[in-house]
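Participant: What follows is a single structure, and I will ask about it in a moment.
The values are calculated or read from the model by the stated rules, or taken from the named source; none is laboratory data. All values reported here derive from a predicted model rather than from experimental measurement. Cβ: placed from backbone, ideal geometry, glycine included. Neighbour counts: every protein chain shown.
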Amino acid sequence: MDEIDRACERMENFTAAALQSVLNRLMDTPPSSGVCKSCHDVIDPQRLRANPKARHCRDCADEEEARSRRKALCGPR
């Protein structure tokens, strides 16, 4: 086995471990309560069917994503 084969094997093992970690976190996260954590409105049932672990309604999730993008680009305020 040469160096390239060993590197490929390490990369495959790392990828498998990373995927397993993500799956474990998803399994450990409880389903959503159905109430937005920001505005306390009911989360749309269609959104919950698509993402049973949703913590925010669509509008608040969009705002949270925009805030995260601004923070990544501009740093904390």
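Participant: If the requirement is being aliphatic (A, V, I, L, M) and outside any helix (DSSP H, G or I), which of these qualifies: A18, A54?
Facilitator: Only one candidate passes the filter, namely A54.
Participant: How many residues are at pLDDT 90 or above and farther than 19 Å from R55 by Cβ if we restrict to the range 20-36?
Facilitator: Residues meeting the conditions: 1.
Participant: Does H40 count as in a loop (DSSP other than H, G, I, E, B), at positive phi and either touching a His at 6+ places or on another chain (Cβ under 6 Å) or of a type outside the set (V, I, T) (or both)?
Facilitator: Yes.
Participant: Is it true that L26 is within 18 Å of the chain's Cα centre (by Cα) and surrounded by fewer than 10 Cβ atoms within 10 Å (Cβ to Cβ)?
Facilitator: yes
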